[in-house]
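This report concerns only the one structure given below.
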């Protein structure tokens, strides 16, 4: 599974003005809730808040990858938020976060979940990728960049 299999251009949001980790998770839940009408937005939010209670999904360098499993899903679903200003996300490097790639995956396929997380982490570990993800402000262009970049890595 590749990034373009799980994220649609409509779920790439740029220059979001959110002032806290709680606001970020709320926006992620709203965005994914639109894509997953069978799931209640509040249930989605609770899953993400519960995951964050286990430990921050901030990975460093201004990036967070919140991720949860759900029993009712048959396919992974993601959204990406580029923040107008970084927020404290309790990342291990203590840097605030401005790039958030949120992921919901089916509970019945943990290996697929881990492969997708590894792919996302690999992309965001690349300083050039992060720089471009911050520079692009057009959601369609950012979606195209992210999915093309993933394809290039997958074929390399």
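The values are calculated or read from the model by the stated rules, or taken from the named source; none is laboratory data. It should be emphasised that the depicted structure is a prediction, and the values quoted were computed from it without experimental measurement. Note: ideal-geometry Cβ built from the backbone for every residue, glycine included; neighbour counts use all protein chains shown.
Computed quantities for the displayed model
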quantity	calculated
Any hit, region 19-35, residues being outside any helix (DSSP H, G or I) and under 21 Å from residue 112 (Cα atoms)	no
Condition check for residue 66: surrounded by 13 or more Cβ atoms within 10 Å (Cβ to Cβ), without any contact (Cβ under 8 Å) to a residue 40 or more places away in the chain, within 24 Å of residue 23 (Cβ to Cβ) and under 16 Å from the mean Cα position of the chain (by Cα)	no
The listed residue being within 15 Å of residue 133 (Cβ to Cβ) and out of contact with any helix residue (DSSP H, G or I) (no Cβ under 9 Å at 6 or more places or on another chain), out of 78, 91, 84, 102	84
Scope region 117-132; condition touching a helix residue (DSSP H, G or I) at 6+ places or on another chain (Cβ under 8 Å) and either closer than 15 Å to residue 7 by Cα or touching a residue at least 60 places away in the same chain (Cβ under 8 Å) (or both); matching residues	119, 120, 123, 124, 130
Odd one out for residue 54, checked against (1) touching a strand residue (DSSP E or B) at 6+ places or on another chain (Cβ under 9 Å); (2) modelled with pLDDT of 95 or more	(1)
Some residue of region 77-90 being farther than 20 Å from residue 136 by Cβ and within 14 Å of the chain's Cα centre (by Cα)	yes
Residues satisfying the stated conditions in region 69-114, i.e. farther than 18 Å from residue 11 by Cβ, in contact (Cβ under 8 Å) with a residue 12 or more places away in the chain and in a loop (DSSP other than H, G, I, E, B)	71, 72, 88, 89, 90, 91, 92, 93, 95, 96, 107, 108
Residues of region 104-124 classified as farther than 15 Å from residue 148 by Cα and in contact with a strand residue (DSSP E or B) (Cβ under 8 Å, 6 or more places away or on another chain), total	10
Among (1) in contact (Cβ under 8 Å) with a residue 40 or more places away in the chain; (2) within 13 Å of the chain's Cα centre (by Cα) - the single one residue 61 does not satisfy	(2)
